[in-house]
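The values are calculated or read from the model by the stated rules, or taken from the named source; none is laboratory data. Computed from a prediction, not measured in an experiment: that's the story for all the values here. Note that each Cβ is placed from the backbone with ideal geometry, even for glycine, and that neighbours are counted across all protein chains shown.
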Amino acid sequence: MTPATLTAQTVASPHAHGGNSVSRTMFRVQLALLPATLYGFWLYGWPAFFLWALTILSCVAFEVLSLKLMGTPRVKATLFDGSAVLTGWLLAMTLPPWAPWWVAVVGGFIAIVIGKQVFGGLGQNVFNPAMVARVALLVSFPLPLTLWVAPLPMSTLPTPDFVSSLRIFLTSLPVPDAMTSATLLGHAKTELARGIDLATALHAGPDLSWIGMRAGSFGESAAVLILCGGLYLLITRVITWHAPLAVLAGVAIPAAIAHAVDPGRFLSAEAHLLSGALMLGAFFIATDYVTSPNTTTGQIIFGLGIGLLTWVIRSFGGYPEGVAFAVLLMNAMTPVIDRFCKPRILGRDRKGKPLDIPENA
Amino acid sequence: MGFMNLFKHFLGDDWGVHPDDRKRPAADRPLRTMPVPEKLYLPLQQHLGGPARPVVLVGQQVKKGELIAEAQGMISAPIHAPTSGTIVAVTDITAPHPSGLTLPAIILAADGRDEWIDCQGCADPFALDPAEIGKRVAAAGVVGLGGAAFPSAVKLTGAARSKVKTLVINGGECEPYLSCDDRQMRERAADIVDGIRIMLHATGAREALVGIEDNKPEAIAAMQAAAAGEAEVHIRPIPARYPMGSEKQLVQVLTGKEVAAESRTFDIGILVHNVGTALAVRAAIRDGRPLISRVVTVNGNCANDPGNIEVLVGTLAEEVIAFAGGLKGDGIGLARRVMGGPMMGMQIPHWRVPVVKGTSGILAFDAQEVAAQEPDPCIRCGSCVKACPMGLLPLEMSARIRNSAYDEAVGIGLKDCIACGCCAYVCPSKIPLVQYFVHAKGELAAQDRNKLRNDATKKLAQQRQERLDREAREKAEAAAKRKAEREAAAAAKAAAEAAAKQASETAGATEGESA
């Protein structure tokens with residue numbers, strides 16, 4: 001025995017650990033994203049794969065750069081926690097599938113440097129980095145960020161091969177009109193703006209699809225697969241049901257009421273639930289640990305807020321889609337929610353006063 | 001981790017943690033009794049409260065069970081010789097504490113005869129006055145054997161005074177690895193039930209609820225058989241969940257009552273004792289024997305032959321391990337030595353530390369078990385919030401403590417923390433949360449002590465100033481008085497002179513008139 005093992009370092013209890021780790025959690029979330037991601041590759045071909053890979057790569061690269069610049073001693077350990085990969089992955093899921101390469105790089109920069117490291121790195125950011133990047137990209141480059149290609153299996157045109165896909169990805173060539181399509185939310189918004197009734201507009205418009213056979217972001221459209229990923233996270237206890245269910249309810253309830261009142265003006269609850277980033281947002285964004293409240297009551301309020309704001313933005317706002325904006329707004333509310341929603345301490349009332357001792361105990 | 005747990009998790013009824021209990025095979029091996037070691041090391045502070053005061057001299061011969069240190073103060077417990085022999089020293093030894101600091105102890109060299117003093121037993125404890133039982137338990141040095149080592153007699157007499165109605169007996173043994181209570185319930189169930197009945201008599205409580213976690217079916221069966229004829233002793237299987245054995249949690253699960261913060265179970269008519277304590281109380285009353293031994297679990301991946309061993313208080317952990325079969329590979333791969341359970345026990349610096357009355361386990365962990373790792377940053381996952389059995393926000397408290405904002409940490413519940421370790425157990429970033437809380441509580445205690453000292457100093461300074469002022473004032477008053485007297489005297493003199501002068505003048509005038 002060496003002296004080093006003899007003089008043990010003082011450690012407080014407990015001397016056992018449950019075995020959970022940050023990297024395991026991040027890995028499980030990535031595993032949950034995998035089905036929808038692979039399906040996205042099939043839907044949109046090689047350009048989507050390039051976009052996905054480069055977004056993750058640039059997130060990791062900017063993470064390394066930030067850590068080096070800050071002189072963090074634990075670059076490797078921080079990198080292997082998997083959080084940068086996950087941020088990149090989530091961002092890629094929300095981008096138009098054929099977005100050009102520089103969208104991935106700029107997005108990675110905004111997400112990691114501005115969205116996360118500026119605040120102090122993992123655990124310190126107020127806003128969800130992927131959503132920060134998504135919104136910044138959308139506001140700065142509206143055109144490439146709203147150019148939706150129809151899923152390839154639905155298209156009559158031939159699927160681009162590897163080389164031509166690389167050309168599409170690197171040269172930002174205009175996508176042929178025949179391949180593009182409007183999203184349901186976008187179509188509804190334009191038609192409503194033109195004064196056309198929804199009943200008429202949707203008659204010839206894009207269909208709803210549980211399996212992603214609609215125009216949309218690379219990883220957002222296959223509701224069934226995202227739901228499966230979400231269920232996996234629920235069962236493995238990475239997330240709880242509170243925030244996702246609240247998000248879905250927050251959209252579905254006002255949507256159902258408004259649609260019942262004026263179906264010509266408001267989309268149905270089903271259209272809202274199956275459109276845009278809602279499913280992904282409910283299960284993967286609203287459950288982000290860092291930027292959501294840490295009590296169950298808080299998570300329900302947070303989720304309902306996201307849902308309601310999403311519906312308001314979609315129905316009355318300037319943009320057809322509102323999940324990212326709603327998430328950022330509720331992220332800003334998180335510290336306030338946390339301040340007001342605290343668990344009741346055993347033996348105390350909600351205000352923190354000790355319980356009354358019954359007289360006849 | 002079954003389906004029910006998953007269901008409870010979805011409902012949000014999920015306080016505490018479900019650690020792998022690691023109780024078997026140690027729990028399934030019969031109790032072994034360790035022979036008397038050559039020397040016993042008996043710290044004077046083996047319990048909560050004031051340390052005991054030695055009443056023996058170096059070189060003195062003592063018999064087994066003889067009082068060697070008496071209780072000192074309201075909350076304290078005496079210490080008795082665990083075997084017959086000679087007192088060889090009263091000196092400082094390494095404390096069973098992570099600091100490795102020393103504390104005063106009596107060292108006893110055994111003579112090998114193991115000769116008892118005359119024990120005054122009692123054939124019918126139920127004829128005794130409850131107060132007398134309290135006195136005898138106090139004299140026998142019985143303390144809570146669950147780990148906290150609070151003097152039992154103080155609780156018994158306090159409970160009798162508060163007229164408690166329910167006696168809760170803690171057979172939960174929720175700490176992983178430990179099985180000393182389990183083993184005693186299996187082998188000594190009848191004696192435990194007898195001890196419980198004596199405690200019921202001592203406190204005047206009407207019923208006893210014995211809570212046993214459902215991961216100990218053999219213990220539940222044995223206790224149910226032993227309590228079959230006793231109408232007032234109820235055996236209650238409870239779900240296995242850590243920290244089920246914590247007083248407030250156990251009371252809530254068994255009785256549905258919630259103990260208010262900053263108050264005790266007495267206040268809602270409940271007294272909590274451990275099953276091991278029930279045995280010690282029985283021995284003290286029936287046989288008149290003091291608490292000089294206890295059952296200790298030797299366990300951990302490094303232990304060669306895990307099991308439960310009855311050892312004399314004061315035996316070195318080193319010798320207990322040697323008796324239990326030693327360490328695998330003579331200690332190669334040993335990562336941490338722990339006394340008590342893995343969740344709340346303490347790391348000890350080496351094995352030459354004695355077993356005290358509150359020692360429930362001696363654990364030899366390898367690196368895989370302790371899984372020590374540099375902490376990652378907090379990702380606010382909230383696992384600690386869900387795990388906390390007290391409803392606290394460990395992540396918020398630790399963030400404040402990191403900034404030395406201790407008062408803010410107290411404001412969000414630091415003082416309600418029971419240091420059970422659930423938060424640190426589930427933390428994916430392996431943040432040593434309990435260390436933060438213990439540190440903060442220590443800092444606050446130090447601040448309180450400083451404040452008391454400052455207040456005392458201030459008071460003394462104030463008193464001195466007052467005294468000086470008073471003295472100066474008295475001096476001034478005395479001087480003024482003297483001056484006044486002088487002046488008065490001078491004035492009187494002057495007046496007298498004037499009067500005399502006037503008198504003489506008047507006399508002169510009269511004379512003149514008359515002349």
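Applying the selection to the range B:391-412, what residues are outside any helix (DSSP H, G or I) and either surrounded by 15 or more Cβ atoms within 10 Å (Cβ to Cβ) or touching a residue at least 60 places away in the same chain (Cβ under 8 Å) (or both)?
Answer for the range B:391-412, where residues must be outside any helix (DSSP H, G or I) and either surrounded by 15 or more Cβ atoms within 10 Å (Cβ to Cβ) or touching a residue at least 60 places away in the same chain (Cβ under 8 Å) (or both): B:G391, B:L392, B:L393, B:I412.
Exactly one condition in (1) in a loop (DSSP other than H, G, I, E, B); (2) within 14 Å of another protein chain (Cβ to nearest Cβ); (3) in contact (Cβ under 8 Å) with a residue 24 or more places away in the chain is not met by A:A12; state its number.
Among (1) in a loop (DSSP other than H, G, I, E, B); (2) within 14 Å of another protein chain (Cβ to nearest Cβ); (3) in contact (Cβ under 8 Å) with a residue 24 or more places away in the chain, the lone unmet condition for A:A12 is (3).
Touching a helix residue (DSSP H, G or I) at 6+ places or on another chain (Cβ under 8 Å) and either closer than 30 Å to A:G347 by Cβ or aromatic (F, W, Y) (or both): is that true of B:M339 in this structure?
Yes.
Regarding B:T265, is this residue crowded, with 22+ Cβ neighbours inside 10 Å, in contact with a Pro (Cβ under 9 Å, 6 or more places away or on another chain) and not aromatic (F, W, Y)?
So B:T265 does not fit the description; no.
Restricting to the range A:101-137, name every residue that is among the small types (G, A, S) and away from chain B (no Cβ under 14 Å).
Result: A:A104, A:G107, A:G108, A:A111, A:G115, A:A130, A:A133, A:A136.
Failed condition for B:E247, given (1) of a type outside the set (A, V, I, L, M, F, W, C); (2) within 14 Å of chain A (Cβ to nearest Cβ); (3) surrounded by fewer than 18 Cβ atoms within 10 Å (Cβ to Cβ), with all others met?
Only one criterion in (1) of a type outside the set (A, V, I, L, M, F, W, C); (2) within 14 Å of chain A (Cβ to nearest Cβ); (3) surrounded by fewer than 18 Cβ atoms within 10 Å (Cβ to Cβ) is unmet by B:E247, namely (3).
If you go through the range B:312-327 one residue at a time, do you hit one that is more than 30 Å from A:T236 (Cα to Cα), modelled with pLDDT under 90 and of a type outside the set (D, E, K, R)?
The answer is no, given that none of the residues of the range B:312-327 is more than 30 Å from A:T236 (Cα to Cα), modelled with pLDDT under 90 and of a type outside the set (D, E, K, R).
Mind checking which residues of the range A:251-291 are free of Cβ contacts under 8 Å to residues at least 40 places away in the same chain, in contact with a helix residue (DSSP H, G or I) (Cβ under 6 Å, 6 or more places away or on another chain) and either among the aliphatic types (A, V, I, L, M) or crowded, with 23+ Cβ neighbours inside 10 Å (or both)?
The answer is A:A256, A:A269.
What do you reckon, is A:T72 within 30 Å of B:P342 (Cβ to Cβ) and at pLDDT below 95?
Against the criterion (within 30 Å of B:P342 (Cβ to Cβ) and at pLDDT below 95), A:T72 does not qualify.
Scan the range B:422-438 residue by residue and report those that are free of Cβ contacts under 8 Å to residues at least 60 places away in the same chain, within 8 Å of chain A (Cβ to nearest Cβ) and surrounded by 22 or more Cβ atoms within 10 Å (Cβ to Cβ).
First, the residues of the range B:422-438 that are free of Cβ contacts under 8 Å to residues at least 60 places away in the same chain: B:423-424, B:427-438.
Add one more test, that the residue is within 8 Å of chain A (Cβ to nearest Cβ), and what stays is B:424, B:427-430, B:432, B:434-435, B:438.
Residues satisfying the conditions are B:A424, B:C427, B:P428, B:S429, B:V434.
Assigned to a helix (DSSP H, G or I) and either away from chain A (no Cβ under 14 Å) or among the hydrophobic types (A, V, I, L, M, F, W, C) (or both): does that describe B:A419?
For B:A419, the condition - assigned to a helix (DSSP H, G or I) and either away from chain A (no Cβ under 14 Å) or among the hydrophobic types (A, V, I, L, M, F, W, C) (or both) - is not met.
Sort out which residues of the range B:46-78 are surrounded by fewer than 20 Cβ atoms within 10 Å (Cβ to Cβ), outside any strand (DSSP E or B) and touching a Pro at 6+ places or on another chain (Cβ under 8 Å), and write them in order of number.
Of everything in the range B:46-78, those that are surrounded by fewer than 20 Cβ atoms within 10 Å (Cβ to Cβ), outside any strand (DSSP E or B) and touching a Pro at 6+ places or on another chain (Cβ under 8 Å) turn out to be B:L48, B:G49, B:P51, B:Q72, B:I75.
Is it fair to say A:A104 is assigned to a helix (DSSP H, G or I) and in contact with an Asp or Glu (Cβ under 9 Å, 6 or more places away or on another chain)? It would help to see each step written out before you state the result.
Details: assigned to a helix (DSSP H, G or I): yes; in contact with an Asp or Glu (Cβ under 9 Å, 6 or more places away or on another chain): no.
So A:A104 fails the test.
What is the number of the single condition among (1) within 11 Å of chain B (Cβ to nearest Cβ); (2) assigned to a helix (DSSP H, G or I) that A:L67 does not meet?
With respect to (1) within 11 Å of chain B (Cβ to nearest Cβ); (2) assigned to a helix (DSSP H, G or I), A:L67 is out only on (1).
Given the condition more than 14 Å from chain B (Cβ to nearest Cβ), of a type in the set (G, A, S) and assigned to a helix (DSSP H, G or I), answer yes or no: does some residue in the range A:92-100 qualify?
yes
Across the range B:324-368, what is the total count of residues that are away from chain A (no Cβ under 12 Å) and assigned to a loop (DSSP other than H, G, I, E, B)?
Summing the residues that are away from chain A (no Cβ under 12 Å) and assigned to a loop (DSSP other than H, G, I, E, B) in the range B:324-368 gives 9.
Is it fair to say B:I332 is surrounded by 23 or more Cβ atoms within 10 Å (Cβ to Cβ) and closer than 20 Å to A:H15 by Cα?
When the stated conditions are applied, B:I332 does not pass them.
State yes or no: is B:K441 closer than 27 Å to B:E175 by Cα and more than 8 Å from every other protein chain (Cβ to nearest Cβ)?
Criteria met by B:K441.
I'd like the full set of residues that are within 17 Å of A:R314 (Cβ to Cβ) and modelled with pLDDT of 75 or more, limited to the range A:203-216. So that I can check it myself, show each step before the final result.
Of the range A:203-216, the ones within 17 Å of A:R314 (Cβ to Cβ) are A:205-206, A:208, A:214-216.
Correct list: A:R214, A:A215, A:G216.
Checking the condition surrounded by 16 or more Cβ atoms within 10 Å (Cβ to Cβ), part of a strand (DSSP E or B) and without any contact (Cβ under 8 Å) to a residue 40 or more places away in the chain, which residue from B:I106, B:I93, B:I87 passes?
Numbers: B:I106 fails: without any contact (Cβ under 8 Å) to a residue 40 or more places away in the chain; B:I93 fails: without any contact (Cβ under 8 Å) to a residue 40 or more places away in the chain.
Residue meeting the stated conditions: B:I87.
Table: residues versus (1) surrounded by 16 or more Cβ atoms within 10 Å (Cβ to Cβ); (2) under 21 Å from A:T287 (Cα atoms).
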position	(1), (2)
A:N20	yes, yes
A:L33	yes, yes
A:L38	no, no
A:F49	yes, no
A:S83	yes, yes
A:A99	yes, no
A:W102	no, no
A:V105	yes, no
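From the list B:G300, B:G245, which residue is within 29 Å of B:P25 (Cβ to Cβ) and touching a Gly at 6+ places or on another chain (Cβ under 6 Å)?
Working: B:G300 fails: touching a Gly at 6+ places or on another chain (Cβ under 6 Å).
Among B:G300, B:G245, only B:G245 is within 29 Å of B:P25 (Cβ to Cβ) and touching a Gly at 6+ places or on another chain (Cβ under 6 Å).
If you go through the range A:334-347 one residue at a time, do you hit one that is basic (K, R) and either part of a loop (DSSP other than H, G, I, E, B) or more than 14 Å from chain B (Cβ to nearest Cβ) (or both)?
Yes, the range A:334-347 has at least one match.
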